[in-house]
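The values are calculated or read from the model by the stated rules, or taken from the named source; none is laboratory data. As the structure is a computational prediction, the values presented were derived from the model and not from experiment. Don't worry about glycine lacking a Cβ; one is built from the backbone with ideal geometry, like all the others, and counts go over all protein chains shown.
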Amino acid sequence: MERELNTIPEPPRGDGAADAGHQAFFLDLLLRDAPAVEYERPVLRARSGGADANTVAALEEAKLAALRVRSVLRDRQRRESELSALFETANDLAGMRSLDQVLQAIVERARHLLSTDVAYLTLSDAEAGDTYMRVTSGSVSAVFQQVRLAPGKGLGGLVATTGLPYVTANYFTDPRFEHAENIDHAVREEGLVAILGVPLKMNGRGVGVLFAANRRERPFAHSEVALLSSLATHAAIAIDNANLIDDTRRALDELHTVNERLQRHTASVERSAAAHDRFTDLVLGGGGVREVAAAVAEVLGGSVRIHDRTSEVSVTASPSGEVNDPSPGGDPLSEGDAEVAGAVRSSLASGRAVAVDDTWVAAAAAGGEPLGTLVLRGVRLDDTDQRVLERAAMVTALLLLIRRSVSETEHRIRGDLLNELLEVPARDPVSLRQRAALLRADLDAPHVLVVAESVGADPQRLRSAASFVAETTGGLATSRGGRLVLALPGSDPAEAGRRVRAELSTAANGPVTAGLAGPTEGLGTFRDAFTEAVRCLQTLRALGREGDSATIEDLGFSGLLLGQNRDVSGFVSATLGPLLEYDERRSTLLVGTLRAYFAAGGNLSRAKDDLHIHVNTVAQRLERIGQLIGTDWQRPDRALELQLALHLHGLLDKGVDLLGDQGGG
């Protein structure tokens, strides 16, 4: 700067030189577009040279005039630059055909023209009644890029509602705007402070808002508001043109599509009629999903896969006529291809076939219940072919329903047979064995009895899962007293328990508790094994072992007592009867005190802490206990007998029926 100042010509000195010299000097500064500070030099030199007041005043007046001319020239230059930029913008927008390209160009140009940190554009959503962020330039916040502005909320909501431009040098301190938490959070996340917003109007109707914003406090001049408004006007015209071009392009595409459809219509109708006849013959002829897959592949081409959700197997067929027999296959709902899984859900909800690239998906359902899925790959379908695929899905659903009805009948027969074994096993052994043989079951072979339950689970899903286990293992299954009962071939209760819990837990989506007994030794032992399994289940629940399975042997001491078929209730009454009667008659807690005393190892101090009473009270209760059941109650053999009775009494209190038949139908 210093070097530049040294090259500046000397202004006329304040020695009464002619005004023409001063004017020439200032004109030279104007021509060179010199900085404003250089206009002070003639005045400073005149004052330092001792010029008279008139000369200094004349210089001041000339300086001010020159600065005004400089300001006017700069304003004109700026306006020319803005008009040039607007002209270029209009040219650029007019040449664009894509709406997304137009919108992106608008915000980029707005950010460039106003030299702001961020520019963005929101469009009105007629259905929601608000405006949403459509495109941004310079934004770094994902939250900001997805914000929606309710009517009248924030600066943008106010612009959209009133159709007028609004500007603020500091958004958060400006009281004119009705702040909303989501908008303020998004603005703060982006770091914006100064914001200018102008309406986008199309045919007099507001369609959105164009913004320019800075991350520091800054006032926007009227010229900047006018500039952004002009850009918004051009933008609205460009958006309208882009929409018209899109509409025209779509109309042309539709005309072309209609022409192609007319050419294919005859062939499609013929294929549809042939498919209808083929599917009708297939159902009447007793065909299955294998034949459906072959028919679809032949009529529509491509590779066809039919997944049967009722049995978790799939059948595939190709146009060459090759059909793969049913084999285990994943359900498209759970496959890794998220798009195909989404198409299955859409088809199930709409009842129509759904396309994903070159794959078509149709759900086979009955009353909203998914039964299977048809996946057709490698072909493109018109509307007629799509209906053929949908008709194939309906036929598949019908066939699966028929098969499920047969399966449910078999399950019911298996359940009836097991119920008879548990209730009157010796009524007609020959008939029972014959019925079992029809179900491919051998009742004289060893079986494990499993009694299971899951609190809060769907009973229908549990019964279906239990029937599946029984059918696949050659066993029997039924439901008694709200619990599932299974008789599975084998001699390993632990293995049977693990399998049943695994299958039922998946169906219940939660823990399953199971009592186990066996193996059986002929028809006459099924009932006893069932009773034992029920006791094991109840004992597991009483001991808090939910989600576990066990046999009598697995239950340790409790199992030993249960397995001896003793009169447990009579033993408890004989041992604790006087105390139980005393507590019931006088509402005392002698039984609880005795239990706490034994649990504390005979220590009065620990017992009184557990009972939360005074030690003297414990002693008095123990003295009363001695009076009721005999003073020798602390003798080792009596103490063991009492502790056994207390343990069994606790199980009885928790609802364990230690001897009765738990299998009421």
Would you check if Glu189 is among the acidic types (Asp, Glu) and closer than 13 Å to Leu114 by Cβ? no
Out of the residues in region 120-166 that are within 25 Å of the chain's Cα centre (by Cα) and among the hydroxyl-bearing types (Ser, Thr, Tyr), state the one that is farthest from Pro199 (Cα to Cα). Ser141
Matching entry among Ser320, Ser311 (being modelled with pLDDT under 80 and either assigned to a strand (DSSP E or B) or within 19 Å of Val395 (Cβ to Cβ) (or both)): Ser311
Taking region 250-281 only, how many residues are modelled with pLDDT under 80 and either of a type in the set (D, E, K, R) or in the same structural domain as Arg391 (by TED's automatic domain parsing) (or both)? 8
From the residues in region 195-208 that are in contact (Cβ under 8 Å) with a residue 40 or more places away in the chain and small (Gly, Ala, Ser), which one is nearest to Arg111 (Cα to Cα)? Gly197
When you scan region 515-589 for helices (runs of 4 or more DSSP H) that lie fully inside it, which ones turn up with 3 or more residues that are in the same structural domain as Glu503 (by TED's automatic domain parsing) and modelled with pLDDT of 85 or more? 526-542
Leu523 passes all but one of (1) touching a helix residue (DSSP H, G or I) at 6+ places or on another chain (Cβ under 7 Å); (2) buried (at least 19 other Cβ atoms within 10 Å of the Cβ); (3) closer than 14 Å to Leu422 by Cβ; which number fails? (2)
Residues of region 603-643 being under 18 Å from Thr575 (Cβ atoms) and part of a loop (DSSP other than H, G, I, E, B), which ones? Gly630, Thr631, Asp632, Trp633, Gln634, Arg635
Ala645 fails exactly one of (1) closer than 18 Å to Leu576 by Cα; (2) at pLDDT 85 or above; (3) of a type in the set (Gly, Ala, Ser), namely (2)
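This table checks each residue for (1) surrounded by fewer than 19 Cβ atoms within 10 Å (Cβ to Cβ); (2) under 35 Å from the mean Cα position of the chain (by Cα).
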| site | (1), (2) |
| --- | --- |
| Thr173 | yes, no |
| Phe177 | no, no |
| Arg188 | yes, yes |
| Gly191 | yes, yes |
